[in-house]
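What follows is a short report on a single structure.
Rule-based calculations on the coordinates, nothing more; no lab input. These numbers come from a predicted model, not from an experiment. A quick note on method: Cβ atoms are made from the backbone with ideal geometry, for glycine too, and the neighbour counts reach across all protein chains shown.
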Amino acid sequence: MFGYRVPAPDEAMLISGGRRGHGEAPFRVVIGHGKFVLPVFRKTRFLTLSMCESEVAETCVTKQGIALTVRAVIAFKVGNDTESIVNAGQRFLSDQDQMSVLTGRIFAGHLRSIIGSMTVEEIVTERQKLATEVLETSKTEMAKIGLIVDSLQIQSIDDGDTGYIDAMSAPHKAAIQRQAQIAQAQATQASAEAEQEAARNQAEYSRQTAVVQAQYSAEVDRAQAQAAQAGPLAQAHAQQEVLAARTELAERAALLRQQELVAEVVKPAEAEAERIRLLALADAERMKIQAEAAASHDRVALDRMLIDQLPQIVKEASAGLSGANVNVLNGADGLGEIAAGLVGQGLTILDSVRRNIGASDGSFEKRDGQEGEDRTADNGPVEIR
């Protein structure tokens, strides 16, 4: 709109002409809002409220008479209150760059004054104290011109060619260098120890790796040897089992052959020997009976006939025994017992026959007694048993 003016957020609008402003101010101050300004009758100007800076490079003499070049940076601005804007507007509105120049000069004077009351050691070691004192002493003067200081930073302090600061810092430099050398030596030692430890660890790892590889190789060789021996060992075991089976089979065959020889040779021979012995016994018994008969002189015909047939009976019994399939449990003794039993049975039969003959001989003797009486007369008595 024509005649309506609005200041920027970091500006203050100063309206001159017409009614005066606050107090004795020759203009009105408008901040943060617009204002209708009559053309021709009113005049509008703008004052910056943004941050400004000023650099100071001043040579100052300390309490000890040593010249120091101090460089500092001041950050300042126009105050936000109406009084500060009015004061700054009356002094800097036509040339606002003069704010930085005047501020630098003001702070340069305060720096010379404060540094002149301090030693180099205090200035070097207590920069913040120096900045604080400069700010405190300049605050009132800066407020009179409508400016406020936000910060003061001491950038550098230089003694030129005097070398005072270097000499002052020499012990500290030496101590620092000594500490640095010690730290470097410790770092070098630690590095060497670390390298040695790493080398030992590497050697131990290599040793363990070699041991494991050797154990693995030994196990592989042992497994290969066992695998190589498995075939021959299995073949040897198989051959051993075959030999054992063949040996057992040969032993069984030998035992069977022995039993066959016993059945085919020994037993028939034993039976033949027993048969011969039985024949001998029978023949002896026949001769004994013949001797008794010869001694009696009166054996009847029947008795003589039995005596004559007895060897034939025994012979037939022996022949039957030799052809029989007899299982002998205790060898020749068992065969002898069987043969003796047969002979005993034959003798028992013979005794029974003789007793029967004796019983019948009584009647025969009686019958012959009658006839004997007749023979007695001719030939005499005859004894019959």
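In straight-distance terms, cross-link reach from LYS43 covers every one of the lysines whose alpha-carbon lies under 18 Å from its own, apart from those fewer than eight places away in the same chain; here that gives LYS35. Note on VAL73 and ASP10: the model spin-label points, each 7 Å out from Cα along the C-beta direction, lie 1.5 nm apart. Highest-first packing order for the peptide set 278-284, 145-151 is 145-151, 278-284, based on the mean count of other beta carbon atoms within 10 Å.
Shape class for the stretch 1-133, computed from the alpha carbon gyration tensor (a ≥ b ≥ c): prolate, with a/c not under 1.5 and a/b above b/c.
What does the charge dipole of the stretch 7-94 about its Cα centre add up to, to the nearest 20 debye, if the Cβ of each Lys and Arg holds +1 and the Cβ of each Asp and Glu holds -1? Please report the intermediate quantities before stating the final value.
On the way: 11 positive and 8 negative charges, 88 e Å.
Value, rounded to 20: 420 debye.
Annotation: lysines with alpha-carbon distance below 18 angstrom to LYS288 (same-chain offsets under eight excluded): LYS315. Check LEU68: other-chain or 5+ apart residues with amide H under 5 Å from its amide H, H built from backbone geometry? The list, which skips near neighbours in sequence, is CYS60, VAL61, THR62.
So if R0 is 51 Å, what FRET efficiency would GLN202 and GLN177 give, r being the distance between their Cβ atoms, rounded to the nearest 0.05? Don't jump to the answer; show the numbers that get you there.
Details: r = 36 Å, r/R0 = 0.70.
Calculated value: 0.90.
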